[in-house]
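The values are calculated or read from the model by the stated rules, or taken from the named source; none is laboratory data. The structure presented is a predicted model; accordingly, all values stated were derived computationally and were not measured. Every residue, glycine among them, receives a Cβ derived from its backbone with ideal geometry; neighbour counts consider all protein chains shown.
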């Protein structure tokens, strides 16, 4: 029987803060490149196609390798893979800050994604070992859910401030510093995790890993490319169809191997499926609001990158405040209902944002919608994170982390592709933005109703200590 690792309360709390900071930084690193793209294009003389690769270079290996990263954590130990991933992530970030050319920058963004894909599921494996009791782990996941979306918003804000005041290169100092912090904690504060004990370690499933990585990466690239090339472009259709075929082959392979990378029934458990769907939608909503409003503020209202970044400070504050309130609320209403409540609140915020015009003022025109979306997403993330990782044994914690982070990564990619296609149906740009917000609001409303319905059918995971 595997030994349990009970850290002292103070050490456990500090370890959780460090793990949460690392998780937020992984998502922060996706968003940080958005604001300075025009400046990077001018410095390196880049085309629109070049910028697309800069934008996608981190997310493609990150989303594509998360499942395999989870398997590595479950096989070789969460703490070990956490440290290795942080070394890769931190070194790549440092070189990216000094990148002398476009090619070096893209290569280091790709390497950042590889490191991030090892760190994210490994952090979940360590977290599961840090809180071995289901109720304690459930409470930790309430906070964990909001940490990721906060990282995305902070990435947008911090990159805007640093780009305006110093240089876009300084934004890479954040992942370097956090990598050093995580490495300093990995040896002393963090538990090893179950896979470094005597339990049987799962096989690597290399064929499944190749098909999953290529399938997710190609499909993601195709969806990202729709914004510049349209759905009928060969640059979109070729990778999209290839990626879907590879994913179909991946699921077929998983039914035949002894240790599948993704066990066929794992994501289909009703509790987990509800959580992953909520996580996917909450991440999509956050990405859409950040992306569309940043375009609106800069291109329509003529705001600077710094002022645009400041516009999202209330979003971040609402996430922090509501994240602290989410714990007792999830315990009271249950994670499924809390996910539904969050999606419903966010739907109201998105509906308010459909009223934008060329003359809309930040206050009172935009701020109420921004805050309501942030409040709703915070609640939805907290409930969904508990559901996504419910009843996960320690030897599958890396798998759970990989699956949850994959849903979180695919949310903005798929959501933006669909909603920007909706926006493109309108001749007027602002009308297109309004249609995108309206479509998202309807999707959130439907998902909220489904969450309420599922909350009556599934047993709520524990977030309170057993009596």
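From the list 340, 415, exactly one residue is in a helix (DSSP H, G or I), in the same structural domain as residue 117 (by TED's automatic domain parsing) and modelled with pLDDT of 90 or more. Which is it?
340
For every residue, the table says whether it meets (1) modelled with pLDDT under 85; (2) buried (at least 23 other Cβ atoms within 10 Å of the Cβ); (3) more than 19 Å from residue 148 (Cβ to Cβ).
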position: 403; (1), (2), (3): no, yes, no
position: 406; (1), (2), (3): no, yes, no
position: 420; (1), (2), (3): yes, no, yes
position: 424; (1), (2), (3): yes, no, yes
position: 427; (1), (2), (3): yes, no, yes
position: 432; (1), (2), (3): no, no, yes
position: 435; (1), (2), (3): no, no, yes
position: 439; (1), (2), (3): no, no, yes
position: 442; (1), (2), (3): no, no, yes
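Pick from 85, 64, 115, 90: which is surrounded by 24 or more Cβ atoms within 10 Å (Cβ to Cβ) and touching a residue at least 60 places away in the same chain (Cβ under 8 Å)?
Matching residue, one of 85, 64, 115, 90: 64.
Considering every residue within the range 272-289, establish whether at least one is touching a helix residue (DSSP H, G or I) at 6+ places or on another chain (Cβ under 6 Å), more than 24 Å from residue 398 (Cβ to Cβ) and assigned to a loop (DSSP other than H, G, I, E, B).
Among the residues of the range 272-289, not one is touching a helix residue (DSSP H, G or I) at 6+ places or on another chain (Cβ under 6 Å), more than 24 Å from residue 398 (Cβ to Cβ) and assigned to a loop (DSSP other than H, G, I, E, B), which makes the answer no.
Does residue 145 fit the bill of being without any contact (Cβ under 8 Å) to a residue 40 or more places away in the chain and within 18 Å of the chain's Cα centre (by Cα)?
no
Looking only at the range 208-233, filter to residues that are surrounded by fewer than 19 Cβ atoms within 10 Å (Cβ to Cβ) and modelled with pLDDT under 90; which one of those is nearest to residue 287 (Cα to Cα)?
The qualifying residue nearest to residue 287 (Cα to Cα) is 227.
Could you check residue 256 against (1) part of a loop (DSSP other than H, G, I, E, B); (2) touching a residue at least 24 places away in the same chain (Cβ under 8 Å) and say which number it fails?
The one condition residue 256 does not meet is (2).
Restricting attention to the range 367-389, does a residue exist that is touching a residue at least 40 places away in the same chain (Cβ under 8 Å) and not in a helix (DSSP H, G or I)?
Checking the range 367-389: at least one residue is touching a residue at least 40 places away in the same chain (Cβ under 8 Å) and not in a helix (DSSP H, G or I).
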